[in-house]
Each structure stands twice: as C-alpha cells, then as structure tokens.
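One structure is given below, encoded as structure tokens.
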Amino acid sequence: MRGKGKVLLFLTLAGLLYPGIALGAEGGVNGSDTTFVFISAALVLLMTPGLALFYGGMVRRKNVLSTMMYSFAPIALISVQWILIGYTLAFGPDIGHLIGGLDWLGFKGVGAAPNPDYAPTIPHQAFAMFQLMFAIITPALISGAVAERMRFSAYLLFTLLWATLVYDPLAHWVWGVDGWIRNMGALDFAGGTVVHISSGVSGLVAALVLGKRKGYGREPILPHHLPMTLLGAGILWFGWFGFNAGSALAVGDLAMNAFVVTNTSAAAGALAWMLTEWLHHGKPTALGAASGAVAGLVAITPASGFVEPLPAIIIGLVSGVLCYGAVAGLKSKLGYDDALDAFGCHGVGGTWGAIATGLFASKAVNPAGADGLFYGNPGLLVPQLISVVATYALAAVMTFIILKVVNVFCPLRVTVEEEEIGLDITQHGEDAYRDMVLTASASRKGSPASAEAAAVNLQVSTNS
C-alpha cells in the first residue's frame, strides 16, 4: 500500500475513536493533529508505568511493589483530581496571573470544540487530557527521593495536596494564558520547570524531612533488578517522544524537530554519563547508561521546541556530566538520602535545561519563541533564570509545608520494624517474589506449610 493510502487508512481507523477525525478539519478540528495528540498522550501515560519499572528495579526486593505503587497510584488519583479541579486551576481563565479560575470545574465547558488560546486545531478535551499525563508523572518522580521509607497513606495525601498546591499553580504560571512567567517571556516547551525542577526540588526537601533510610551510608543498599530498570529507561525514552514532540500539539516541522533533538540529547546524555563514570570508577555501568539517558531527556525537555540538533548534543553531554556529578559527588558530600536520585537527575538536569534554553533557543526553529544568548539575545537568560528561582522557591517552601501538615494527620515515615521487614509486606500485604521463595523453600522442606514459614522468615530476617 502506498504512503498516502496508509495515512488515509490510519485516519479512517482513528475516526472510530473520534467522529469526523478522518475527514480532516471540521469545526476547526484537524484530524491529523488530533490523532497525533491522542497518540502522544498515550505515550506520555506509558511513561509512568515505565518510571515504575525504572524505580522499581533500583530498590531492594522487599520494597519493589511499594516503589512501583508510588508511580501507579498517581495515575488513578491525579486522573480524578484533574477532572474535578486540577485542570481549571492550571489552565482556567487567569486570576491575578497566579492561578486559573474555576470556570472549568469538573470539566464544565471542556468539550469537543477547540480552545483557540491553547490548541486551535484539536478538541479542548484532547488538550486537557494530554496535559493530564504530565500532571500524573510529576508527583511520581518525587517518589524516587523517598522510596523505601515513606508510608503509603501519607504519600497519597501528599500527592493530592502537592498536585493541587504546587503543580497546578506552577503550570498556570508557565503555560497558562496570562500566567506571570509566561508573560515575562520565559520558555519551557514541555516541562523543564513545571515537571522536572519542581519534582526534583520537592524530592530533595522530602528526603531531608523524612531522613535517611536505615543503614544508609553504613551498609550496602543495592538495586535488586537492573534489567527491570533498563526496561523502564527504554520505556521512558520511547514515551518521551510523546512528551516533547507531542507538546507541539500539531503535526509539522516543530514536532519533528522536538522528536529529533529529544533522541539526540538522550543519546548524548547516556554517552556522557558512561564516559564520566568510566573515567571516575573504571567501569561503565548499565545503571549509569540508563541514568544518563534520563538526564539527557530531562535537560532537553524545556528546550525541545526551540533548539536545533547540534545544540541538543551539547545539552545532552553537559547534562550527563552534571547529573553524574550531582549523584556521585554532591549527594555523598552533603549526606542527604535521595534514594533514586530524583533531585540529581530531574532537579539538576531540569535546571541546566532551562538555562540551556536561554543559551541555544532559536527563532529559526520556533518563530513563536525567542533567540537565546548564542543567537544574539542575552536578554532571554533573565526570564529563564527568574523562572528557575521561582520554581525552586515554590516547590521547596510548599513541599515543606505540605509534609508538615500531612504529618499531623498521618506519620510520614514507616516504623523501624516496618522498614526492616519491607514496605511491600507492611504497606500492601504482598511480596513481589513470594511464589519464587515458596517454591525454593518447598523443594528443600517438602512441605507447603514449612515453605510458607520459611518465606516469611526469609523476608523478615535476611532481606533487610
């Protein structure tokens, strides 16, 4: 089948999902753009289970389910919050350049007709659901800093409050019509400040408030399943094309450029981390390669709609070195327990990405943007730096307040005994590898009862 025939067939099939889509523009809705955003939204949603695998493989086996639940639960929680109040706070008609009004409370008025202020060629609902996927993954990123020690009930309450009081206002500042950071001229194409700096800084504050894991710094705390982490990193890389290219909200040159620079920066970040680790420790690790790719993806996110491929290589290379330094150097020197390096990758990588946007942005890529320092406009650095400082301040202060409030109603941290046993059993009553343990024990003992007892004893005594 020829290329045009394939496109027509695809759009016809897509029409089953959205009436009229295969006919192209009807009532302002462009079929190709709408299909593109549908697919991009699905890719971004897939990133959150990918994050669950990425984080889950890095913790000890007794905490893998609890760590994955930190990512899985926000899919449900934020999906409901977004419909009820989150979307209108983030993108509703402006109030004082700080927050969206309640005009779209409960998705009232968010329908099939496009909203010309945000995306004139796709249904308003399609835009809102695409943005939902960003709101879902952001608090999940924070969980990497508090893994293996935060009580699940406290995490749920924290996530709900944080999404409402930090993410939604910040999204309005940066992306909402008349938001003060947007009005200032700062550029953030797909979430360097809104997603990555906010989650990284909040993760650091949460790690400091909760304190270190039992035995941290005195005994090895090693990843239990690195193949799982590599699979998660691959899914994140795959989904990130929807994250960045999808933020163009239309099929065209801008989306393709975002696709190209996203892949390029991720590759450069992986290479830079591996080489730096190789020189520093004598061996390049699989975990390092995965972390470097994520660092490159984080750094290119705010710049992906504004920079060309060659600057993307520089952004990725620098991100790999900087984030490795934050993880391997800064964290050990300062002694904080950011368990899965939420701040080291997302906070540091997002900060560099926001600054790099001010350096490498080009109106040749996106006429709606601005030229950066290396294209004759040093003035862009000012709003970029202000947006970074404002994001740090909002995320740090509000996260600290929210944690203290949550702690009044629910202890943030599990008990020492619960941490020793593992959060899978103490928080969820499950063991990720129970069948494997039971089978091994039964073959030795010859009795199902003795096998189950052995599994419990093994979980408690040897898997701390």
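Bear in mind that the values in this text are calculations on the coordinates, not laboratory data. Everything numeric in this text was worked out from a predicted model, so none of it was measured. Here the Cβ is made from the backbone with ideal geometry for all residues, glycine too, and neighbour counts use every protein chain on show.
Charges at C-beta only: +1 for Lys and Arg, -1 for Asp and Glu. How large is the resulting dipole of the chain about its Cα centre, in Debye rounded to 20?
With Lys and Arg at +1 and Asp and Glu at -1, about 780 debye.
Between MET150, THR301, THR285, whose Cα lies farthest towards the positive end of the dipole of the chain when Lys and Arg beta carbons carry +1 and Asp and Glu beta carbons carry -1, centred on the Cα centre?
Farthest towards the positive pole: THR285.
Going highest first, how would you order 83-96, 399-412 by mean Cβ packing within 10 Å?
Highest-to-lowest ranking by the protection proxy: 83-96, 399-412.
Just grab the label-to-label distance for LEU102 and ARG434, each label 7 Å out from Cα along the Cβ direction, in nm (one decimal).
Placing both labels 7 Å along Cα→Cβ, they lie 4.4 nm apart.
Arrange the following residues from fewest to most other Cβ atoms within 10 Å of their Cβ: TRP173, TRP180.
TRP180, TRP173
Among 154-161, 198-205, 247-254, what's the highest-first ranking by average C-beta atoms within 10 angstrom per residue?
Packing proxy ranking, top to bottom: 198-205, 154-161, 247-254.
To make sure I understand, if each residue's beta carbon is the centre and we count other beta carbons within 10 Å, what order do MET184, MET129 fall in, fewest to most?
Result, fewest neighbours first: MET184, MET129.
Placing +1 on the Cβ of each Lys and Arg and -1 on the Cβ of each Asp and Glu in the chain, which of LEU161, ALA361, GLY50 has its Cα farthest towards the positive end of the resulting dipole?
GLY50
For the chain, which DSSP H helices look membrane-span-like by this rule: Cα extent along the axis of 20 Å or more and mean Kyte-Doolittle of at least 0.0?
Length and hydropathy pass: 31-56, 64-81, 124-146, 226-244, 253-281, 286-300, 309-325, 381-409.
Exposure proxy check: GLU418, GLU430, GLU277 ranked by fewest other beta carbons within 10 Å?
Least to most surrounded, the residues fall as GLU430, GLU418, GLU277.
Past 19 Å, Cα to Cα: identify those pairs from LYS62/LYS283; LYS331/LYS404; LYS212/LYS404, in the order given.
Over 19 Å apart, Cα to Cα: LYS62/LYS283; LYS331/LYS404.
Say R0 is 45 Å: what FRET efficiency, to the nearest 0.05, do VAL177 and VAL405 get from their beta-carbon distance?
For R0 = 45 Å, the calculated efficiency reads 0.90.
Measure off 7 Å from each Cα along the Cα-to-Cβ vector at VAL397 and LEU310, then give the distance between these two points in nanometres to one decimal.
4.3 nm
Once the dipole of the chain is set up with Lys and Arg at +1 and Asp and Glu at -1 on Cβ about the Cα centre, which of GLN384, THR399, LEU222 lies farthest towards its positive end?
Going by the Cα projections, it comes out as LEU222.
Working out 0.36 nm times the residue gap between VAL382 and LYS363, then minus their Cα-Cα distance, what length gain in nm do you get to one decimal?
5.1 nm
Could you tell me the calculated FRET efficiency between VAL416 and ALA113, based on Cβ-Cβ distance and R0 = 60 angstrom, to the nearest 0.05?
Taking R0 as 60 Å, the efficiency between VAL416 and ALA113 is 0.60.
Once you charge only the Cβ atoms, +1 for Lys and Arg and -1 for Asp and Glu, what is the size of the charge dipole of segment 39-182 about its Cα centre, to the nearest 20 debye? Could the numbers behind the result be given before it?
Values: 7 positive and 6 negative charges, 154 e Å.
Dipole of segment 39-182, to the nearest 20 debye: 740 debye.
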